[in-house]
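In what follows, a structure is listed as structure tokens, so that the remarks can point back to it.
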Amino acid sequence: MAAVNLEVRSMAYLMLIGRLTLSAAFILAALPKIQDPAAFAISVEGYHVVTANLAMWIALVLPWLELVAGFGLLIPQIKRGSNLIIALLLVVFIALHASAWARGLDINCGCFNAHESEKTPGYLWLILRNIGLLTACIFVLIRDWQHRVRREDTSTS
Amino acid sequence: MLREFCIILLLTVIGVAYTLFSGLSPLSRAEPKLEAGEIRLADARALNAIWVDAGGAKKFEERHIPEALLLDEEDWDAGLFELMNTWLIEPRPIIIYCESEGCGKSKRIAKRLRQSLPDAEIYSLKGGSAAWQQ
């Protein structure tokens with residue numbers, strides 16, 4: 001019984017750490033881009049995936065989506081939706097970085113900073129970091145789902 | 001779940017509206033701000049400059065600004081030698097460009113070149129060669 005409690009508590013702490021890490025990452029990523037959407041639009045254009053006009057709209061909407069989803073992870077009423085949105089965003093980011101790397105583009109990531117960077121983008125690091133965040137996201141999603149199913153089973157029985 | 005998405009969407013729309021009305025919006029594209037060591041195309045064209053392509057050998061072969069020299073990070077010494085020969089014959093401003101505004105290579109190469117040629121006037125082109133093509 002004590003072992004089960006310990007396991008449950010450990011999982012709860014892990015979930016909390018995962019949620020806080022994801023939340024912090026996305027909030028910190030969003031704030032500089034909200035402050036300077038013009039510079040972020042330039043970063044988006046650098047991926048050569050969308051037109052300049054669409055890049056501007058993405059630069060306008062995406063940071064706010066990241067910010068809302070980042071905070072949303074900590075709000076019980078919208079945490080599942082936020083988690084799912086963050087997972088989808090991470091998949092898109094991984095695909096974009098992989099694509100830019102394959103095409104040999106010299107981009108400014110625009111991840112945590114709106115402006116151009118003088119440093120060469122470390123694609124492998126970017127992709128691995130996002131995979132790490134995605135793993136945390138999926139872990140939290142699965143545990144949330146299992147927790148919900150257990151609660152539903154308890155309430156019906 | 002649908003309700004959650006609606007709430008998230010609504011909050012995002014409110015945030016976007018704030019950006020639009022606060023004047024931060026990138027939708028009305030103002031003249032881009034210059035950072036130290038950058039130059040706009042209009043100003044660059046007025047100079048009798050030495051143009052340097054930082055986009056790499058492969059992209060240089062496909063397309064480059066007329067009379068531009070190649071300065072590749074991977075073949076730095078050869079590119080620097082050719083640039084120095086050109087510059088020493090007639091010292092002129094040096095303008096480094098890569099393919100687009102989001103490319104950081106021109107700034108990196110400009111920074112490295114300032115160490116090799118401390119007496120030269122060196123700029124990186126704002127907007128990259130995409131600005132030239134417009």
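Taking the longest Cα principal axis of chain A as reference, the axis of helix A:79-102 is set at about 40 degrees.
With N as its number of residues, chain A has a Cα radius of gyration that, divided by 2.2 N^0.38 Å, comes to 1.20.
Taking amide H as placed 1.01 Å from N in the peptide plane, the amide H of B:Leu70 sits under 5 Å from that of B:Asp53, each at least 5 places away or on another chain. The HN-Hα couplings worked out from phi for segment A:11-16 by the Karplus form 6.51 cos²θ - 1.76 cosθ + 1.60 (θ = phi - 60°) are 4, 4, 5, 4, 5, 5 Hz, whole numbers, x standing for Gly and Pro. A cut-off under 14 angstrom between Cβ atoms defines the neighbours of B:Phe81, and their net charge, with Lys, Arg +1 and Asp, Glu -1, is -4.
Sorted ascending by nearby beta carbons within 10 Å, beginning with the fewest, A:Thr21, A:Thr135, B:Thr12 become A:Thr135, A:Thr21, B:Thr12.
When A:Val68, A:Val61 are sorted by how many other C-beta atoms sit within 10 angstrom of their C-beta, beginning with the fewest, the order is A:Val61, A:Val68. Relative contact order of segment B:37-133: 36 percent, from C-alpha pairs under 8 Å at least 6 residues apart in sequence.
The value of relative contact order for chain A, using C-alpha pairs under 8 Å at least six residues apart, is 29 percent. Summed over all non-identical Cα pairs, the Kirkwood treatment of segment B:37-133 gives a radius of 13.0 Å.
Near B:Ile122, the amide H atoms lying under 5 Å from its own belong to B:Ile94; only residues 5 or more places off or on other chains count, and H is placed 1.01 Å from N.
Once you've got the Cα coordinates, tell me which of A:Lys79/B:Lys107; A:Lys79/B:Lys105; A:Lys79/B:Lys126; B:Lys58/B:Lys111 are over 31 Å apart. From A:Lys79/B:Lys107; A:Lys79/B:Lys105; A:Lys79/B:Lys126; B:Lys58/B:Lys111, over 31 Å: A:Lys79/B:Lys107; A:Lys79/B:Lys105; A:Lys79/B:Lys126.
Since every read-out is calculated from the coordinates, none of them should be taken as a lab result. All figures in this text were calculated on a predicted structure; none of them were measured in a lab. Cβ atoms come from the backbone with ideal geometry, glycine included; neighbour counts cover every protein chain shown.
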